[in-house]
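The values are calculated or read from the model by the stated rules, or taken from the named source; none is laboratory data. Since we're looking at a predicted model, the values are computed, not measured. Because the Cβ atoms are built from the backbone with ideal geometry, glycine has one as well, and the counts that use them run over all protein chains shown.
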Amino acid sequence: MDSQMAATTDDAQMVLKVPFVIGVAGGTASGKTTVCDMIISQLQNQRVVLISQEAFYHPLTAEQLEKVHEHNFDHPDAFNTELLLSCMEELKHGRGINIPNYDFKLHRSVEPARVVIYSSSLAKYFKLMLHVNPSDVIILDGILILHDPRLRDFMNMKIFVDSDSDVRLARRIRRDTVERNRNILNVLDQYSKHVKPGFEDFIHPTKKYADVIIPRGADNDVAIDLIVQHIRTKLGQHDLCKIYSNVFVIQSTFQIRGMHTLVRNAKTTKHDFVFYADRLIRLVVEHGLGHLPFTEKQIITPTGSVYSGVVFCKRLCGVSIIRSGESMENALRACCKGIKIGKILIHGEGKSGRQLIYEKLPSDIASRHVLLLDPVLASGNSAVKAISVLLSKGVPESNIVFLNLISAPEGLHTVCNKYPRLKIVTSEIDTTLNKDLHVIPGMGEFGDRYFGTGSRVITPS
């Protein structure tokens, strides 16, 4: 039994290590690499590998080199697709790879395996030689990266960068004459003989396989932002906990999943909703208390024995974000007898603006550890405003523990990027936000359901 359980755990870990693969195709000089760079720059704290299809060109023979301007680099046969497939298979199974380094002046591979590894958390990139390690996200960039169905099968997302043909030609002329020291007449001749027909025959037809088409390439900020948001969601809560070391999800059990099933169900009565929400809140509060500082203490038991235990921080208070946060106060009082609880009321202004309406906080809050209470972390805008109020009162960021039942990835990104030293404790991370900034799958308007106000018909949000 133990060996079976161990095997199951190993299998689960292997699933988590499977990379998220993005294919980015488009015509020559369409802005594919720029789009890739923009995606990478927005993937906060993710480890990303960018692999170019151009690294897998077949080396030219001596005869081909003599007539290099006649060689068609825009034909599928110009690429060593079998080698690229084998590299992707290795990365998929968590094994490192070596890739070739193609030299466009020599038209052959030189010192092997040159690839760029990006680390957004350090806001820089590292060039590594010889070996490429598996990463969270792999971006495949190339004119024909969507051509082979076997390559497409590796991809979780397929993107086609669609730019005007005149713009692409102008960019190619500038690139080939400046960066690759080529004659402009040869560039134009190659374009008319191979590049333009290759686009029409092989590249443009792959557009139909794309999940996302980006018109205007790197100039389309909206499309790129939506793509990044989708990638973050797909990476899932395990990766979010790996990205943000200050995010803690309480260990899920069938008991917890069962309570979530009840509180999320639109048909659950108010009485049952409150009962099971209170149980979940109590678990989150107790888990949050475990993140407070403590000191060791030895005591004498009734048997006269010595017990080495701990004493938790006594300088503690709660702060609820009115009004949903007030639903968590009873659980906090049940766990911490006589605890002081402050309140903050924030009013929304549009989809992103937040205004402080009211605050009532302990006068000595700056010297206390604060448990911030709000059952739902959605966009994170209200949380950011509440945290800024606490900081303005002198509370150290590291002294704040934010407790909630469910969190949206967008809210976690917002809060953690702005306040990396506070802790967030939640019971589940949901999928995303909808256009109205409601958490999906969510549990509806928590305050209305808990306090029995608002419409009787609950629409899942």
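Scoring Met88 on the criteria (1) in contact with a Phe, Trp or Tyr (Cβ under 7 Å, 6 or more places away or on another chain); (2) among the hydrophobic types (A, V, I, L, M, F, W, C); (3) surrounded by 22 or more Cβ atoms within 10 Å (Cβ to Cβ) leaves a single failure, condition (3).
Going through (1) closer than 27 Å to Lys423 by Cβ; (2) among the hydroxyl-bearing types (Ser, Thr, Tyr); (3) touching a helix residue (DSSP H, G or I) at 6+ places or on another chain (Cβ under 7 Å); (4) not in a helix (DSSP H, G or I) one by one, Thr268 falls short only on (1). Looking only at residues that are within 20 Å of the chain's Cα centre (by Cα) and either at pLDDT 85 or above or among the basic types (Lys, Arg) (or both) in the stretch 242-275, which one is farthest from Gly447 (Cα to Cα)? Residue satisfying both the conditions and the ranking: Lys242.
Filter the stretch 261-316 down to the residues that are among the β-branched types (Val, Ile, Thr), touching a strand residue (DSSP E or B) at 6+ places or on another chain (Cβ under 7 Å) and closer than 25 Å to Val370 by Cα and list them by number.
Val284, Val285, Thr295, Val310, Val311
Give the residues of the stretch 408-420 that are surrounded by 17 or more Cβ atoms within 10 Å (Cβ to Cβ) and touching a residue at least 40 places away in the same chain (Cβ under 8 Å), sorted by residue number. Of everything in the stretch 408-420, those that are surrounded by 17 or more Cβ atoms within 10 Å (Cβ to Cβ) and touching a residue at least 40 places away in the same chain (Cβ under 8 Å) turn out to be Pro409, Glu410, Leu412, His413, Cys416.
When residues of the stretch 73-111 are filtered for being polar (S, T, N, Q), closer than 22 Å to Ile143 by Cβ and either at pLDDT 90 or above or within 29 Å of the chain's Cα centre (by Cα) (or both), how many remain? Residues flagged as polar (S, T, N, Q), closer than 22 Å to Ile143 by Cβ and either at pLDDT 90 or above or within 29 Å of the chain's Cα centre (by Cα) (or both) within the stretch 73-111 amount to 3.
If I filter the stretch 396-434 down to residues being assigned to a loop (DSSP other than H, G, I, E, B) and among the charged types (D, E, K, R), which single residue comes out as farthest from the chain's Cα centre (by Cα)?
Arg421
Hey, does the stretch 354-375 have a residue that's loosely packed, with under 14 Cβ neighbours inside 10 Å and touching a Leu at 6+ places or on another chain (Cβ under 6 Å)? Reasoning before the result, please.
Of the residues in the stretch 354-375, the ones loosely packed, with under 14 Cβ neighbours inside 10 Å are 355, 357-358, 360, 363-364, 367.
Restricting the remaining residues to those that are touching a Leu at 6+ places or on another chain (Cβ under 6 Å) gives 357-358.
Yes, the conditions are met somewhere in the stretch 354-375.
When the residues of the stretch 176-235 are filtered to those that are among the hydroxyl-bearing types (Ser, Thr, Tyr) and either at pLDDT 85 or above or not in a helix (DSSP H, G or I) (or both), the one that is surrounded by the fewest Cβ atoms within 10 Å (Cβ to Cβ) is Tyr209.
For the stretch 362-398, the candidate set comprises residues that are touching a Ser or Thr at 6+ places or on another chain (Cβ under 9 Å) and of a type in the set (Gly, Ala, Ser); within that set, the residue that is nearest to Phe446 (Cα to Cα) is Ala378. For the stretch 129-166, a tally of residues being more than 14 Å from Cys87 (Cβ to Cβ) and without any contact (Cβ under 8 Å) to a residue 60 or more places away in the chain returns 5. From the set of residues in the stretch 241-260 that are assigned to a loop (DSSP other than H, G, I, E, B) and in contact (Cβ under 8 Å) with a residue 24 or more places away in the chain, which is nearest to Thr414 (Cα to Cα)? Per the stated criteria, the residue is Tyr244. For the stretch 53-68, a residue qualifies if it is surrounded by 14 or more Cβ atoms within 10 Å (Cβ to Cβ) and part of a helix (DSSP H, G or I), and the qualifying residues are Gln53, Glu54, Ala55, Phe56. Every condition in (1) buried (at least 21 other Cβ atoms within 10 Å of the Cβ); (2) modelled with pLDDT under 90 is met by Ile346 except one, and the failing one is (2). Strands (runs of 3 or more DSSP E) fully within the stretch 294-377 that include at least 2 residues being more than 19 Å from Ser388 (Cα to Cα), assigned by TED's automatic domain parsing to the domain that holds Val284 and over 31 Å from the mean Cα position of the chain (by Cα): 294-300, 306-312.
Got a sec? Which of Lys423, Lys393 is in the same structural domain as Phe312 (by TED's automatic domain parsing) and either without any contact (Cβ under 8 Å) to a residue 24 or more places away in the chain or over 19 Å from Val247 (Cβ atoms) (or both)? If you could, list the steps in order and put the result at the bottom.
Details: Lys423 fails: either without any contact (Cβ under 8 Å) to a residue 24 or more places away in the chain or over 19 Å from Val247 (Cβ atoms) (or both).
None of the other options fit; the residue is Lys393.
Residues are listed down the side, and each one gets a yes or a no for (1) part of a strand (DSSP E or B); (2) modelled with pLDDT of 85 or more; (3) of a type outside the set (Gly, Ala, Ser); (4) surrounded by 21 or more Cβ atoms within 10 Å (Cβ to Cβ):
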{"position": "Thr34", "(1), (2), (3), (4)": "no, yes, yes, no"}
{"position": "Asp37", "(1), (2), (3), (4)": "no, yes, yes, no"}
{"position": "Ser41", "(1), (2), (3), (4)": "no, no, no, no"}
{"position": "Gln44", "(1), (2), (3), (4)": "no, no, yes, no"}
{"position": "Ile51", "(1), (2), (3), (4)": "yes, yes, yes, yes"}
